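Every number here is computed from the coordinates shown, using simple stated rules; none is lab data. This structure is a prediction, so every number in the text was calculated from the model and none was measured. We place every Cβ from the backbone using ideal geometry, glycine too, and count neighbours over all the protein chains shown.
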Amino acid sequence: MNTTESTSSQSGRHYRPDVNIRETSDAFLLHLDMPGTKAETISLTFDNGTLHVQGDVAPRQPDSTEYLLREYGVGNFSRSFEINRRIDAANISADYSDGVLTVTVPKAEDSKPKKIQVKVEPKNLN
Amino acid sequence: MATIRNACVRTPSSARSLVAGDPFAALRSDVGWILDAFRGADTTSQLRRSPAGVFAPRLNVWEQNETLYAEVELPGVKQEDIELSVQGRQFTLKAERKMSGAADDASIHRREVAFGEAQRSLQLPYDIDADGVRAELKNGVLTVTLPKAASAKARKITVNAQ
């Protein structure tokens with residue numbers, strides 16, 4: 001799974017959420033840090049092998065606020081992931097809690113690991 | 001306007017990752033899996049981590065009506081794992097981000113998010129009314145309200161005419 005950088009923060013309007021990506025036997029799990037957004041403003045699209053995640057963040061202070069310390073900016077989150085694996089796109093699901101978006105991308109049934117039974121030939125007792 | 005003595009690096013969160021302007025983007029599409037492993041390590045080191053493994057979360061601080069407000073993004077941190085202390089003008093925040101949903105069968109493809117302890121101390125411009133401090137955690141954003149102590153407020157002094 002790669003990430004595309006077409007929606008990087010270079011535009012100055014979007015922030016790229018940090019991500020941890022894990023793989024289990026059934027799915028890929030993406031954990032994205034998206035503090036300050038709301039579940040209803042998060043959109044997920046999967047198109048042509050690319051998963052796009054977008055989360056809108058409303059300003060928390062008025063523009064006129066004079067900061068004594070301003071170490072981070074606040075704005076919408078956006079990031080795309082190129083998924084070069086066989087997945088079950090119809091069943092992608094997401095959950096938002098504590099500022100973290102967890103996206104579950106199930107693997108396609110035929111790409112899940114399968115246990116292959118090794119047949120043991122009965123011993124030829126002579 | 002009051003100033004804060006503790007000078008900190010003002011880095012927008014957009015600069016958190018190494019990936020923007022990555023010159024290897026094209027190459028990576030061919031050897032993505034291998035590079036991902038290294039890139040994961042690189043981005044983790046971007047966090048401001050002390051040798052003890054404690055990282056310092058970034059803060060936004062502003063003032064309104066003789067009250068200071070400190071805001072910090074703490075995604076994935078539970079309310080019970082946050083500890084705040086205020087003494088005079090010293091403000092300390094401690095938080096621990098615990099690993100969530102670690103499945104035994106999971107393999108990690110990318111790791112930009114760090115777990116563990118975070119700590120930050122700040123010298124505020126004036127004494128705080130410790131009893132009036134409030135904190136709210138919502139969607140991974142902690143906002144702390146720090147009212148100015150009565151002793152630090154400007155008082156109008158009436159000149160008595162004899």
*Say the dipole of region A:2-111 comes from +1 at the beta carbon of Lys and Arg and -1 at that of Asp and Glu; which of A:Ala94, A:Val53, A:Asn76 then lies farthest toward its positive end?*
A:Asn76
*Mean Cα-pair separation over length for region B:48-152, i.e. relative contact order, pairs under 8 Å, 6 or more apart, %*: 32 percent
*asked:* Going Cα to Cα from B:Lys94, which aspartates and glutamates come in below 14 Å? Please leave out same-chain ones fewer than 8 positions away.
replied: B:Glu71, B:Glu73, B:Glu80, B:Asp81, B:Glu83, B:Glu117
*Subtract the Cα-Cα distance of B:Gln64 and B:Ile157 from 0.36 nm times their separation in residues, and report this length gain in nm to one decimal.*
31.2 nm
*Using the number of other C-beta atoms within 10 angstrom as an exposure proxy, rank A:Leu44, A:Leu32, B:Leu93, B:Leu137 with the fewest first.*
A:Leu44, B:Leu137, B:Leu93, A:Leu32
*With +1 on each Lys and Arg Cβ and -1 on each Asp and Glu Cβ, how big is the dipole of region B:48-152 about its Cα centre, in debye rounded to the nearest 20?*
360 debye
*Order of B:Glu63, A:Glu121, A:Glu40 from fewest to most other C-beta atoms within 10 Å?*
A:Glu121, A:Glu40, B:Glu63
*asked:* If the reach is capped at under 19 angstrom between alpha carbons, list the lysines near A:Lys38, excluding any in the same chain fewer than eight residues apart.
replied: B:Lys78, B:Lys138
*Could you line up B:Val86, A:Val120 from fewest to most neighbouring Cβ atoms inside 10 Å?*
A:Val120, B:Val86
*Using the Karplus curve 6.51 cos²θ - 1.76 cosθ + 1.60 with θ = phi - 60°, work out ³J(HN,Hα) for each residue of region B:140-156 in order, rounded to whole Hz, and write x for Gly and Pro.*
x, 10, 9, 10, 10, 9, 10, x, 5, 5, 4, 5, 9, 7, 6, 10, 8
_With 10 Å bins from 0: P(r) over region A:2-111, alpha-carbon pairs, percent_ = 13, 44, 29, 10, 4, 0
*Just tell me how shielded A:20-31 is by partners: mean number of partner chain Cβ atoms within 10 Å of each residue's Cβ, no decimals.*
6
*What is the Å³ per residue value for the convex hull set by the Cα atoms of region A:73-116?*
118 Å³
